[in-house]
1. To one decimal place, what Kirkwood hydrodynamic radius in Å is obtained for the range 54-131 from all pairs of distinct Cα atoms?
2. Which one of VAL79, VAL406, VAL360 is farthest out on the positive end of the charge dipole of the chain, using unit charges on Cβ (Lys, Arg +1; Asp, Glu -1) and the Cα centre as origin?
3. Under the rule of -39500 (n - 2.57) per DSSP H run of 4 or more residues, summed and divided by the residues of the chain, what mean residue ellipticity at 222 nm is obtained, to the nearest 500 deg cm²/dmol?
4. Suppose every K and R has +1 on its Cβ and every D and E has -1 on its Cβ; what is the size of the dipole of the range 22-218 about the Cα centre, in Debye to the nearest 20?
5. Suppose we keep just the DSSP beta bridges with both residues in the range 22-218; what percent of those would be antiparallel, to 5?
6. Given 10 Å bins starting at zero, what is the percent of C-alpha pairs of the range 343-427 in each, up to the one with the largest pair distance?
7. What's the Cα-based Rg to Rh of the range 106-186, Rh via Kirkwood?
8. Using Cα pairs under 8 angstrom and six or more residues apart, how large is the relative contact order of the range 1-117, in percent?
Amino acid sequence: MDIIRVEGGHLLEGRVAVSGAKNSALKLMAATLLAPGKTTLENVPNISDVHVMGKVLKYMGATIEVLDEHTLCIDTSAVNSWEAPYELVAKMRASTAVMGPLLGRMGKAKIAMPGGCNLGARKIDMHILGLEALGVEFDTDHGYIHADASKGLVGATVTLEFASVGATENLIMAAVKAKGTTVIDNAAREPEIVDLANMLNKMGAQIAGAGTPVVTIEGVDELHPVTHRVVGDRIEAGTFIVAGALMASDAGVEVVGFSPIHLGMVIKKMEDMGIVIDRIEGGVRVHRAERIEPVDIQTLPFPGFPTDMQAQVMVLSSLADGNSIITENIFENRFMFASELVRMGANIRVESHHAMVHGVEGLSGAQVTSPDLRGGAALVVAGLIAEGYTEVSAIHHIDRGYERFVEKLRALGAQVERLTVPDFIDD
Ligand code: EPZ
């Protein structure tokens with residue numbers, strides 16, 4: 001099995017450039033279904049989730065040319081299927097992002113019901129309710145969702161019960177081809193949604209208000225292929241900023257390739273914790289914290305504190321001078337990371353959606369298991385400051401969303417390596 005082993009105590013310095021955002025790239029890839037022809041995506045992260053989304057599109061008849069490691073030319077001219085198969089959806093829930101584009105392109109979609117994941121149920125009821133308002137009829141059988149828009153997509157006003165990222169995206173991608181006007185109220189405002197709307201508008205869509213709670217879409221008859229550059233990954237950036245806050249040398253660590261405004265609440269909260277973060281061209285420079293102040297954090301839809309940075313900030317707060325409360329409002333089960341961090345000496349008590357973090361003097365290296373993508377990366381970051389060696393397993397989670405995570409950390413001076421070790425022999 002592959003593990004990541006990190007030796008704590010080595011200072012970091014230099015500059016790291018983050019990759020394109022996973023949570024934008026996957027939707028942009030799905031959206032190419034709406035514009036028959038060759039769409040070129042630049043700054044695409046070379047991560048396993050992108051490879052899976054590529055398989056989904058190829059399954060439907062698209063062809064993908066890899067122009068270079070981060071540039072894909074996706075030709076959806078010959079797409080002739082409307083099915084996202086179980087074996088791919090089971091691998092990656094984000095495959096459900098093809099539902100909206102398939103309805104806009106083919107008038108139907110057959111999507112394996114996404115299972116749960118380590119974060120909780122991950123339902124898509126809001127996707128379905130919103131699409132039904134646009135005239136889509138749904139049926140489910142044998143673990144598949146059958147969506148039928150053969151009577152036509154008709155613009156409507158949809159108020160989301162919760163500002164769901166995925167539901168907002170699927171609705172936008174169906175509404176761009178609906179007859180008339182669609183208004184999405186209580187829409188998610190994440191920067192990745194703005195990136196998607198920007199590309200769709202370049203393709204000929206008419207979307208206004210992306211990034212605000214009310215998104216208005218005027219349906220059009222057709223969209224044309226374009227070239228688009230994926231927005232920088234704010235969560236990857238935040239992960240490296242936390243690493244720098246823990247272990248930067250006097251020169252600080254520079255994190256570039258993203259927009260700091262996309263990480264506003266994270267930077268504010270880290271500054272509240274006493275961490276010095278300078279704005280620089282293309283990103284930020286972060287300095288090592290002499291002393292970490294405790295902080296209270298609520299994870300919320302953008303521009304609130306992102307749930308995808310919850311584990312990383314928990315590492316910081318575990319070393320604060322005092323008690324922090326971290327409340328997870330987005331997912332019902334995103335504290336498994338806490339129990340791994342406790343194995344490294346953190347003092348955390350979880351009560352329902354709240355984690356009470358009592359700061360400790362230091363962490364100690366241990367063998368730990370990645371609970372999910374962000375928790376895995378946060379465990380490696382914790383290992384940078386922990387005494388001794390930390391060995392992180394189940395690192396396939398990390399590979400889903402972090403391109404060359406080990407190499408990027410090594411380039412900053414971390415003593416970290418990827419190893420293959422024998423699996424434990426079952427008795
Ligand atoms: C996206 O997931 C991201 N994934 C997640 O990033 C991110 O944590 C999340 O948005 C919130 O920012 C991708 O973009 C691929 P939601 P998504 O719809 O779209 C519930 C990472 O680490 N819900 O906003 O699934 C849902 O169960 C990943 O990169 C319903 O109940 O997020 C969850 O509890 C993890 N019904 C909450 O809402 C629905 O119809 C947030 O879901 C839809 C969602």
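Since every read-out is calculated from the coordinates, none of them should be taken as a lab result. Remember, it's a predicted structure, so these values are computed and weren't measured experimentally. Here the Cβ is made from the backbone with ideal geometry for all residues, glycine too, and neighbour counts use every protein chain on show.
1. Taking every pair of different Cα atoms in the range 54-131, averaging 1/r and inverting gives 13.5 Å.
2. VAL79
3. Computed ellipticity for the chain at 222 nm equals -8500 deg cm²/dmol.
4. 180
5. Close to 80 percent.
6. Cα pair-distance distribution for the range 343-427, in percent: 16, 44, 31, 9, 0.
7. My calculation of the ratio gives 0.97.
8. Computed over the range 1-117, the figure is 25 percent.
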